[in-house]
């Protein structure tokens, strides 16, 4: 959806997990709030380090894990981010996970969630996400972080 330069681009990965972008101008996006309300999204996880934002009204939980573009979240950030995703899913709350474009950092957190809580391997998790969000393309450093994450959580 596009409104006066504000863009709302997202993909449903599961019934409760959405990956999207934050291509809006300014610190407050007039599009996200109404769209979140329509979709029933109550939790937002922002991975974009390059832009601080004010979360829309109507959100129960907002978390910011600042990660540079084309970089991977740290292992601690992956632990905390996946725990938030899992809590949202267990409580049947819809969560919107985004970076700037929704192609690398957002999908990395969701892949880590699928690895940690659904037992997927790295390539399986990435493929699962890419089937739902075709523009997904993780950087080598993000895939390596997921391999390390898998090693840590498969012990």
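Bear in mind these aren't lab numbers, they're just calculated from the coordinates by the rules spelled out. Note that this is a predicted model, so its numbers are computed, not measured. Because the Cβ atoms are built from the backbone with ideal geometry, glycine has one as well, and the counts that use them run over all protein chains shown.
Classified by the C-alpha gyration tensor, the chain has a prolate form. Its axis ratio a/c, with a ≥ b ≥ c, is 1.5 or above, and a/b is larger than b/c.
One chain, two ends: residue 83 and residue 132. Fully extended at 0.36 nm per residue, the span grows by 15.4 nm beyond their Cα-Cα distance. Our summary gives the chain a relative contact order of 25 percent, counting only alpha carbon pairs under 8 angstrom and 6 or more residues apart. With the simple spin-label model, which puts each label point 7 Å out from Cα in the Cβ direction, the residue 59 to residue 92 separation comes to 2.4 nm.
Need one number: % antiparallel among DSSP beta bridges in the chain, to the nearest 5.
25 percent
Using 1/(1 + (r/R0)^6) with R0 = 25 angstrom and r between the beta carbons of residue 75 and residue 39, what's the FRET efficiency to the nearest 0.05? Given R0 = 25 Å and the Cβ-Cβ separation, E is 0.25.
In the chain, the DSSP-assigned H stretches of four residues or longer account for a calculated mean residue ellipticity at 222 nm of -13000 deg cm²/dmol, using -39500 (n - 2.57) per stretch and the full residue count as denominator. What does a probe at residue 50 reach in segment 104-137, counting residues whose amide N is under 15 Å from the point 7 Å along Cα→Cβ? Answer for this model: 104-106. Once the C-beta distance of residue 143 and residue 118 is scaled by a Förster radius of 22 Å, the resulting FRET efficiency is 0.80 to the nearest 0.05.
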